[in-house]
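Comments concern the structure below.
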Amino acid sequence: MTLQDFFQSVSSNPALLTVLLLSIPAVAFLVNLWSGEQAAEIWRWRFVYATLVYLACIPGIFAVTLNIYLFLFERQSIWQMNLITQVLPVITMVATLMLIKRKLPFAYIPGFGKLSGFMTLIAAVIGILWFIDRTRIYAVTYIPFAYIAVGFVGVLLLIRFAWSKLF
């Protein structure tokens with residue numbers, strides 16, 4: 001089964017994915033109601049919040065990455081977007097993160113820093129691949145591979161530094 005076959009299967013039967021993706025922010029809303037108001041009560045729920053963050057962010061990050069790939073490299077028209085597989089995971093991620101941030105800062109959620117590092121790495125790789133695709137540097141180059149590798153690591157460090165200053 002290819003990724004395209006999987007997306008076609010989900011598109012032909014979208015009910016399960018829709019219910020799953022819509023239930024994540026709903027559970028986050030319910031956990032916000034049940035977790036209490038004092039810091040000690042909320043602190044006990046931090047692993048539930050971490051689970052909800054990962055359940056929302058993994059499909060959301062995948063959908064964002066897929067959208068970037070489809071629009072930059074495959075030249076997909078926005079009119080051909082699949083709302084269930086390309087838009088709903090992003091909306092679920094944003095809604096869940098907004099609900100959780102009302103109750104608990106992301107600094108207190110276990111493993112949230114790993115997600116931001118993962119997003120930074122994905123952004124850097126896509127940016128570099130897009131740059132290489134546009135400049136056609138891979139076709140004919142006189143630059144030694146070591147310089148390209150050092151440049152790649154430098155761009156990763158620069159993006160990581162910029163990300164840490166941004167948030």
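The values are calculated or read from the model by the stated rules, or taken from the named source; none is laboratory data. Predicted model only: the values in this text are computed from it and were never measured. Counting neighbours? That spans all protein chains shown, and the Cβs are built from the backbone with ideal geometry, glycine included. To get the accessible areas, we keep the full protein, side chains included, count just its heavy atoms, and leave off ligands, DNA and RNA. Shrake-Rupley method; radii C 1.70, N 1.55, O 1.52, S 1.80 Å.
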Notebook entry, point to check: Do the conditions hold for ALA63, that is, is it within 20 Å of VAL94 (Cβ to Cβ) and among the small types (Gly, Ala, Ser)?
Noted result: yes
Result of the Cβ filter at 7 Å on segment 21-39, keeping first residues that are under 20 Å from ALA107 (Cα atoms) and at pLDDT 95 or above and partners that are of a type in the set (Ser, Thr, Tyr) and open to solvent by 20 Å² or more (accessible area, probe 1.4 Å), at least 6 apart or interchain, is none
**Message:** It is to be established whether one or more residues within segment 12-23 are more than 22 Å from VAL125 (Cα to Cα) and of a type in the set (Val, Ile, Thr).
**Reply:** yes
Pairing a residue in segment 82-107 that is within 19 Å of ARG46 (Cβ to Cβ) with any residue that is open to solvent by 50 Å² or more (accessible area, probe 1.4 Å), where Cβ atoms lie under 6 Å and the two sit 6 or more apart in sequence or on different chains, gives LEU99/PHE29
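Conditions (1) closer than 18 Å to ALA28 by Cα; (2) out of contact with any helix residue (DSSP H, G or I) (no Cβ under 8 Å at 6 or more places or on another chain); (3) small (Gly, Ala, Ser), marked per residue:
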| residue | (1), (2), (3) |
| --- | --- |
| MET81 | no, no, no |
| ALA95 | yes, no, yes |
| LYS101 | yes, yes, no |
| PRO110 | yes, no, no |
| ALA123 | no, no, yes |
| ILE132 | no, yes, no |
| PHE145 | no, yes, no |
Might you check whether a residue that is buried (at least 17 other Cβ atoms within 10 Å of the Cβ) and touching a residue at least 60 places away in the same chain (Cβ under 8 Å) occurs anywhere in segment 55-64?
yes
Quick count over segment 28-68, residues being out of contact with any helix residue (DSSP H, G or I) (no Cβ under 7 Å at 6 or more places or on another chain) and small (Gly, Ala, Ser), is 3
Going by the structure shown, is PHE47 without any contact (Cβ under 8 Å) to a residue 60 or more places away in the chain, surrounded by fewer than 17 Cβ atoms within 10 Å (Cβ to Cβ) and closer than 29 Å to PRO105 by Cβ? no
